[in-house]
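The values are calculated or read from the model by the stated rules, or taken from the named source; none is laboratory data. This is a predicted model, so every value here is computed, not measured. With ideal geometry, Cβ positions are generated from the backbone for all residues, glycine too; neighbour counts draw on all protein chains shown. We work out accessible area using only protein heavy atoms, side chains counted, and drop any ligands, DNA or RNA first. Shrake-Rupley method; radii C 1.70, N 1.55, O 1.52, S 1.80 Å.
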Amino acid sequence: MHLKVETAGAVATLTIDRPDKRNAMSFDMWSAIPDLLGSLDDAVRVLLIQGGEHFSAGADISEFETLRATAEDAARYGAAVHAAERAIAEFPKPTIAVINGFCVGGGCEIALACDLRIAADNARFAIPPAKLGIVYLFTSTKQLVDAVGKAWAKQILFTGDIIDAATALRIGLVNELHPASELDARAKELADTIAGRAQVSVRGAKTIINRIAEGEHEDDSVQALYDDALHSAEYAEGVRAFLEKRTPRF
């Protein structure tokens, strides 16, 4: 299946493992992602998604002549991609894309569905549906617009051109840039930091930020997040640790 899931403590890692194809995503790989994420233990606090030498060169275009041969086939293929993207975007815990090398097309789709993106200085990005006669999915386009704004989203999608890592950082496509040799260590450090914070706060922040991005407003469900936090053991521990001048144990 070319997808591996490993868990170390509170951090899970989903690795795209198809190096001979630069981690191009097959239909079966797209289809497997929702169940893989759904199978993760509730003790997982952070999910890393990574490739190897390359994050992902996108959808496996060699399948298109067979698996996207008709409009119905194309719709079925698109539905699998959409389901995978939504499974990542709606995963309840923080997600971090760890990006080396090529992050193209469907690879960008996966990365943009994550909450955070950190990249090596050798990373290269592109979203090329304009070179294939494909219209990029609505939810994936929104993720791109949310990350880089309308003007850059249009340039990326209109041209399909490759963007280097420095440009990706400048326009907000990635959060951080590091030498390739330091990327894995930084990913672990960032994941461990988030996993060590009060999870009631992290969950609340993710929910509220996503609601804001969707144009929603404060309501009773948001108020419930505040109330849950105030009545949580983590709140009590955080205040106690502050007063005792020690690191909280969440």
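Just one of the listed residues (115, 164) is among the charged types (D, E, K, R) and closer than 21 Å to residue 85 by Cβ, and it is 115. Only residues that are closer than 30 Å to residue 121 by Cβ and among the polar types (S, T, N, Q) were counted across the range 25-61, and they come to 3. Here is the figure for the range 38-66: residues that are open to solvent by less than 60 Å² (accessible area, probe 1.4 Å) and β-branched (Val, Ile, Thr) total 3. Against the numbered list (1) free of Cβ contacts under 8 Å to residues at least 40 places away in the same chain; (2) open to solvent by 20 Å² or more (accessible area, probe 1.4 Å), residue 12 comes up short only at (2).
State yes or no: is residue 229 at negative phi, aliphatic (A, V, I, L, M), at pLDDT 95 or above and outside the structural domain of residue 103 (by the TED database)? No: the conditions fail for residue 229.
Residues in the range 218-246 that are among the charged types (D, E, K, R) and assigned to a loop (DSSP other than H, G, I, E, B) were compared, and the one that is surrounded by the fewest Cβ atoms within 10 Å (Cβ to Cβ) is 245. Whenever a residue of the range 51-65 is free of Cβ contacts under 8 Å to residues at least 40 places away in the same chain and among the small types (Gly, Ala, Ser), it has no partner that is open to solvent by 40 Å² or more (accessible area, probe 1.4 Å) and in a loop (DSSP other than H, G, I, E, B) lying with C-beta atoms less than 9 angstrom away and at least six residues away or across chains. Screening residue 46 with (1) β-branched (Val, Ile, Thr); (2) farther than 22 Å from residue 102 by Cα; (3) free of Cβ contacts under 8 Å to residues at least 60 places away in the same chain gives one miss only, at (3).
Rundown of residues vs (1) touching a Ser or Thr at 6+ places or on another chain (Cβ under 8 Å); (2) open to solvent by 30 Å² or more (accessible area, probe 1.4 Å); (3) of a type in the set (Ser, Thr, Tyr), yes/no style:
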residue	(1), (2), (3)
36	no, yes, no
68	no, yes, no
77	no, no, yes
83	yes, yes, no
96	no, no, no
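In the set 185, 180, which member is free of Cβ contacts under 8 Å to residues at least 12 places away in the same chain, farther than 25 Å from residue 83 by Cα and of a type in the set (A, V, I, L, M)? Break it down into steps so the answer makes sense when it comes.
Numbers: 180 fails: free of Cβ contacts under 8 Å to residues at least 12 places away in the same chain.
Of the residues listed, the single one that is free of Cβ contacts under 8 Å to residues at least 12 places away in the same chain, farther than 25 Å from residue 83 by Cα and of a type in the set (A, V, I, L, M) is 185.
Residues that are part of a strand (DSSP E or B) and in contact with a Ser or Thr (Cβ under 8 Å, 6 or more places away or on another chain) were ranked within the range 98-124; the one that is least open to solvent (accessible area, probe 1.4 Å) is 103. Set side by side, the residues 215, 196 differ, and just one is within 23 Å of the chain's Cα centre (by Cα) and either open to solvent by 60 Å² or more (accessible area, probe 1.4 Å) or modelled with pLDDT of 95 or more (or both), which is 196. Within the range 101-120, one or more residues are touching a residue at least 40 places away in the same chain (Cβ under 8 Å) and touching a Cys at 6+ places or on another chain (Cβ under 8 Å). If the condition is being assigned to a helix (DSSP H, G or I) and among the hydroxyl-bearing types (Ser, Thr, Tyr), then the range 125-152 contributes 139, 140, 141.
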